[in-house]
Amino acid sequence: MALNYPSSTYFILLVVTITRLIYTEGKTEQWKGLILPDLDFENIFHKLHDDPETIQMASSDYGHIVHELPAAVFHPSSIEDIATLIKSSYNSLAPFHIAARGQGHSHHGQAMARDGVVVDMATLRKQRNGVSISVSKDPLIGHYADVGGEQLWIDVLHASLEHGLAPVSWTDYLYLTVGGTLSNAGISGQSFRYGPQISNVHEMDVITGKGEFVTCSTQKNLELFNAVLGGFGQFGVIARARIALETAPKRVKWVRLLYSDFSAFTKDQERLISINGRKQKNALDFLEGMLLMNQGPINNWRSSFFPLSDHPRIASLITEHGILYCLEVAKYYDDQTEKNVDKEIHVLLQGLAYIPGFYYEKNVSYVEFLNRVRSGELKLQSQGLWEVPHPWLNLFLPKSQILDFNSGVFMDIILKRNISSGPVLVYPMNRNKWDDRMSASIPDEDVFYTVGFLHSSGFDSWKAHDAQNREILEFCRDAGIKVKQYLPNHSTQEDWTNHFGTKWLKFLERKHQFDPRMILSPGQKIFHKQLQPAF
């Protein structure tokens, strides 16, 4: 190997691949002089791993569809370690790709880095052992939590509850990292009222694609702040986020209503989300919807809700109509508001056009409600049905075209193919709860719907679901339905340009500003510049 490269290049060529090239006794010392003088060689060296088990872990994700082998996996013990790694790539003549992997909950390889380095954020979480969550109060913004980007939302919940507080916007599944959901948007049934998770962040520390450590907020470095939120990891790694907190409720009145008429179902959903003031006492706190179909049990893995005694009559209705639409709402309460919650629910739901006699409710703890998906996950894990392909498709589509989508997709494609094997979600959100300066791309209408096909499949059958996803997208294109993918999977520059629409030029400008060498998050496939392999 020639010895006339800049020292930063040696960091790439030697340190990343050192276990393969020079891992023999007595060789390590001779390379120390070739590493950048301000780097702790032993510290960095022992955090790069390329053993088969570690490489395999980083080459797959929750989707189990895409597999990309990195050159190495980095196990940081501090934020400074990550900054050093990114800076070394940025300063090199031959930069390598870097992807931060939280829980690997992506579906099409978005957290992978072929021939590059995957940063295992779970290692950092273990190293910090919960000390990266702190709750404070500011006279201007109120209570907040400073949270490491590697931390899980379930841990944020428990840490804030110790102070009688909690974030207001969630994802349905809480075992995801803060950095991971903020890089997409973070949506759930609270979004219509409180906005997505990215709308509830006051400040962040970010390591940019130049290896710079930058604090950003609505008051300083605003361009970076808006770029990173919903930016798919393209502009930096989130080291810390300041999350807005409010007083936590104690319990939840949880209601499900069944519909056979999609128009009535969506009309009622839209009526309910029109009452959305953050401080309005007469508003719901949560609203989602889902499809009930013949494929699979009436109680899906996400939660057991409908009593067994009612399964036969629900199944009979599904057989009659093909699809039922389930409206799911929740109202939070505590000791002071408990006496009024039933009355408030009654007023809110009065006049809704659900099928008479198909009203179901539960009273559960706040934590049980927010963590409702976990029990289903554990059950599937015990049956070996969690680590399977998940050919998901998540869409945003305008309110004005939701009825066309129902007739063309739900009542046609889905019923004809008859292969759905997981929850299908459909519920509306209010555009005014989103900040359009952020990177996240949503439909232009004041109300838009999210539709999630959350399929699970066998390793030999996922392609059928993938083909169904493509048929759905082709139908939308041919029908002129202006969909946006959430957790998008695009493979061409043209598709990404269409995805961002009028935001594309701004997105491109931000990329050149904060990650000019195209180092970060290559698995998103937004930018197709090929870097040198890490070895």
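The values are calculated or read from the model by the stated rules, or taken from the named source; none is laboratory data. Source: prediction; values computed, not measured. Cβ atoms come from the backbone with ideal geometry, glycine included; neighbour counts cover every protein chain shown. What goes into the accessible areas is simple: the full protein's heavy atoms, side chains included, and nothing from ligands, DNA or RNA. Shrake-Rupley method; radii C 1.70, N 1.55, O 1.52, S 1.80 Å.
Can you tally the net charge around Leu324? Count Lys and Arg as +1, Asp and Glu as -1, for every other residue whose Cβ sits under 12 Å from the Cβ of Leu324. Combined, the nearby Lys, Arg, Asp and Glu give 0.
What separates the Cα centres of segment 234-268 and segment 387-456 is a distance of 15 Å.
Based on protein heavy atoms only, the chain ends up with 41 Å² per residue of surface accessible to a 1.4 Å probe. Between Tyr359 and Ser382, what FRET efficiency follows from the Cβ-Cβ distance if R0 is 30 Å, with the result rounded to 0.05? Step by step, r from the Cβ atoms, then E = 0.40. Under 11 Å from the 7 Å Cα→Cβ point of Arg437, by amide nitrogen: which residues of segment 206-222? Only 217-222 pass the distance filter. Using the Cβ-Cβ distance between Gln127 and Ile55 with R0 = 25 Å, the FRET efficiency computed as 1/(1 + (r/R0)^6) comes to roughly 0.75. Straight Cα distances below 20 angstrom link Lys331 to the aspartates and glutamates Asp172, Glu246, Asp268, Glu270, Asp285, Glu288, Asp342, Glu344, Glu361, Glu368, with same-chain residues fewer than 8 positions distant left out. Among Lys253/Lys281; Lys87/Lys525; Lys250/Lys433; Lys126/Lys220; Lys482/Lys503; Lys267/Lys484, which pairs are too far apart, with a Cα-Cα distance over 19 Å? Over 19 Å Cα-Cα: Lys87/Lys525; Lys250/Lys433; Lys126/Lys220; Lys267/Lys484. Here, segment 261-414 is characterised by an Rg to Rh ratio of 0.96, where Rg is the alpha-carbon radius of gyration and Rh the Kirkwood radius. As a test, work out the antiparallel percent of DSSP beta bridges whose residues both lie in the chain, rounded to the nearest 5. That works out to approximately 90 percent antiparallel. In loop segments of segment 197-252 as defined by DSSP, the trypsin sites (Lys or Arg not before Pro) with at most 11 further C-beta atoms inside 10 Å of their C-beta are Lys220. Shown for segment 128-247: the carbon plus sulfur share of the solvent-accessible area, taken with all protein chains present and a 1.4 angstrom probe, equals 47%.
Computed FRET efficiency, Cβ-Cβ of Asp404 and His311, R0 22 Å: what is it to the nearest 0.05?
0.10
About the Cα centre of the chain, how large is the charge dipole given +1 on each Lys and Arg Cβ and -1 on each Asp and Glu Cβ? Please answer in debye to the nearest 20.
Here the chain has a charge dipole of around 660 debye.
Proximity of backbone amide H atoms, modeled 1.01 Å from N, is registered between Thr177 and Gln103 at under 5 Å, excluding neighbours fewer than 5 places apart on the same chain. Each label was represented as a point 7 Å from its Cα along the Cα-to-Cβ direction; for Leu415 and Asp342 these points are 3.9 nm apart.
The separation of segment 86-124 from segment 140-205, counted between C-alpha centres, amounts to 23 Å.
Measuring from a point 7 Å past the Cα of Thr247 along Cα-to-C-beta, which residues in segment 317-359 have an amide N at less than 20 Å? Hits in segment 317-359 for Thr247 at 20 Å: 331-345. Taking a point 7 Å out from the Cα of Gln295 in the direction of its Cβ, the residues of segment 375-401 whose backbone N falls within less than 13 Å of it are 391-393.
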